[in-house]
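Engineer: Let me begin by handing over the structure; questions about it come next.
Read the figures in this text as sums done on the coordinates, not as results from a lab. The structure presented is a predicted model; accordingly, all values stated were derived computationally and were not measured. Here Cβ is always computed from backbone atoms with ideal geometry, including for glycine, and neighbour counts include all displayed protein chains.
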Ligand SMILES: [Zn+2]
């Protein structure tokens, strides 16, 4: 029902920029530049949770970028998925740049193992309330963008929530870690891929919309790496990377050291 109202209001309300409210465009040039204008960079929250993979982000989570992400996620402004996916694709390229280039030499007919974009799952209740899964949608547009640029990429939703997790808002870093410990697990399909050695750490990229404390991505990396049994033999630790559209401004400060 909510979707019907979202679609109707989309028809009835004048279109304005999700970032700044400028009329007659869903995303104006200035807000698009805030999202896509910088180069994707390595980010690291402080404190850094144990097990956090290398994370790359397109922009600080503030002002127009924050407004655009929220409009897509909470208000169903699905037309923004294209720009958000392009931003995420830039982060995936930054995280795998040399890999991607090395694996895909110009003109080589050799088959290349695709990059596997694994979205961090939302709670089923949140997805139902929003009427869509924003992270998965952004991941799909990012994969399309990467393929268009000649980099084979697929979205594989291989993680799910094992148990309900309390709302993270208002929790500190340590509390978030406790709240999330063991919260994610591989799906049955994910387990099969892991056992067959197909979740190669150098091809798996965890993707999410936002990095704050990093505890969600650390938990996702653990779940992707260990499988249900926590079997060290199967572990892909030491490895996978992560890409997010935006990160807390302080997480960008790593680059000033
Ligand atoms: Zn704008």
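Engineer: Jot down the radius of gyration and Dmax of the stretch 118-177, Cα atoms only, both in angstrom.
Structural biologist: Calculated on Cα positions, Rg and Dmax stand at 14.5, 42 Å.
Engineer: If R0 is 25 Å, what FRET efficiency do you get for residue 148 and residue 188 from their C-beta distance, rounded to 0.05?
Structural biologist: 0.20
Engineer: Moving on to the next point. Mind ranking 242-248, 161-167 by how tightly packed they are, going by the mean number of other C-beta atoms within 10 angstrom, highest first?
Structural biologist: Ranking the peptides 242-248, 161-167 by packing returns 242-248, 161-167.
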